[in-house]
1. Would you mind checking the tilt of helix 298-308 against the longest principal axis of the Cα atoms of the chain, expressed as 0 to 90 degrees and rounded to 10?
2. Taking amide hydrogens as modeled 1.01 Å from N in the peptide plane, which residues meet the under 5 Å criterion relative to Leu324, leaving out close sequence neighbours?
3. If you take Rg and Dmax of the Cα atoms in Å from the coordinates, which of (i) 21.0, 69; (ii) 19.4, 61; (iii) 23.0, 79 do you get?
4. Taking H as built 1.01 Å from N, whose amide H comes closer than 5 Å to the amide H of Leu59, not counting residues under 5 places away?
5. Give me the extension gain from Asp178 to Ala143: residue separation times 0.36 nm, minus the current Cα-Cα distance, reported in nm with one decimal.
6. Based on the mean of other Cβ atoms within 10 Å per residue, sort peptides 128-136, 79-87, 204-212 so the most packed one is first.
7. Would you kindly enumerate the cysteines in the chain that have no other Cys beta-carbon under 4.7 Å from their beta-carbon?
Amino acid sequence: MPAAGFPPASSPVSASSPASSSSAAAVDPVLAEVVRSGFVEGHHRGSLVLLDAEGRVELALGDVTAPIFPRSSNKPMQAAAVLRAGVELAGERLALAAASHSGETFHRDLVRTMLAEHGLSAAQLLCPADLPLDAEEAEAYLAAGAVRDRVTMNCSGKHTAMLAACLLNDWPTASYLDPDHPLQKLVLTVVEEASGESVTALGTDGCGAPLMAISLTGLARAFRHFVTAEPESAERRVADAMRAHPEYVAGTRRHDTWLMREMPGALSKMGAEAVQAVALADGRALAFKITDGGTRALGPVLARALHLLGAEAGVLDRIGRAPLMGGGAEVGEVRAVF
C-alpha cells in the first residue's frame, strides 16, 4: 500500500516483457515536462522507486522491478569490492575510487598520486582517454593546450583502485576488466549482496568495466545497505568516505556534491543515461532512471523525489532548477510532474 500522500504504484511489468526493452517509453510515466514560453514542448518519461527507512517500497512509478544498467551508480559497490580485496583506501582516495569525477585539477592530481603510491603508471589504466567531464573544466583544459588523457577520464580513480587490488592479490592487471577476472567476480558478489538480487545481465560500461544489471528497487536497497551497514564494513567505509569528501565523488559544480555536502548523511551517486540513486542517513532511499537518458531532467526529478521522501533542505531548490534559455534569457524550465 502506498503511504499517505503518495500516488499509487503502477502495475508491475515483467522484466522479460517488451515493455522493459524497446517499448519502455510507451509505458513509463511522465516524470518531467519541458516548458518553453508557457508551452509544453516535450516530456521525459521514466521509472522511480522510493523506500522508507525500513526498506519497504513507498512509491513505485513505472516498472521498478525490471533490470537496468545502473551505470556509474554501481561505483560504490565496485569500490567496496576493492576494499574487500584488501586495498587500504580511505578519505579522499576512497571517495575517488567511487567517483565519476569532473576532471578538475585536484581530481587529476590525486589520481596521479594514487598511481605513484601503488607503483602504477597511467599507461596501465584501461579506461579510454577523455576530456574532463565538467564542461567548464574541459574548456579551460583545452585552452591550456592539454589533450585527452586516461587520467582525466571520469572513471580513472576507480580504475586505479582496481589495478591496486590486482597488484595486492597477484591478479592479472592486463585483464582486470574481464568479467571472469577475480576482481570482477568479487564486484558481482558485492552487487548481489547489497541489492538482494541476482545480476541478470552483463554489459560493458563506457569506461570498459563490466556492467551488472539489477532493478531500480535493488539499486535503492543497495544504497540503503551502504548507509546502514556496520561502521567497519567495506560498504559503510565507502559511504562514509563519499559523504565526507563529496567533491572527489563528483566535482565543484555537480549536484551529487551539493547534496552530500548540504544534506548531512545523504549518499548520492548518478550514473550515465540519467540514472540516480540516493540514500538518507536513516535508511530512506530512492532510485530512478529517465528512459531517454536525458540528464536535464535529472535534477528536477531528484529534488521532487527527495521532497516526497520527506527531505527538507535549501539545496533541493538549487538541484531542482533546470531553466531553459531563449535569446540569452530564461524562458522556461524542465520541471517534475509527479
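1. Helix 298-308 sits roughly 70 degrees off the main axis of the chain.
2. Close amide H contacts, sequence-distant or interchain: Val331, Gly332, Glu333, Val334.
3. Comparing each candidate, only (ii) matches the computed number.
4. Here Leu50 satisfy the definition.
5. 9.0 nm
6. In descending order of packing, they fall as 79-87, 204-212, 128-136.
7. So far as the 4.7 Å Cβ criterion goes, Cys166 stand without a partner in the chain.
Read-outs throughout are calculated quantities, based only on the coordinates presented, and are distinct from any laboratory measurement. All values derive from a computational prediction rather than experimental measurement. As a convention, Cβ positions derive from the backbone with ideal geometry for all residues, glycine included, and neighbour counts pool all protein chains shown.
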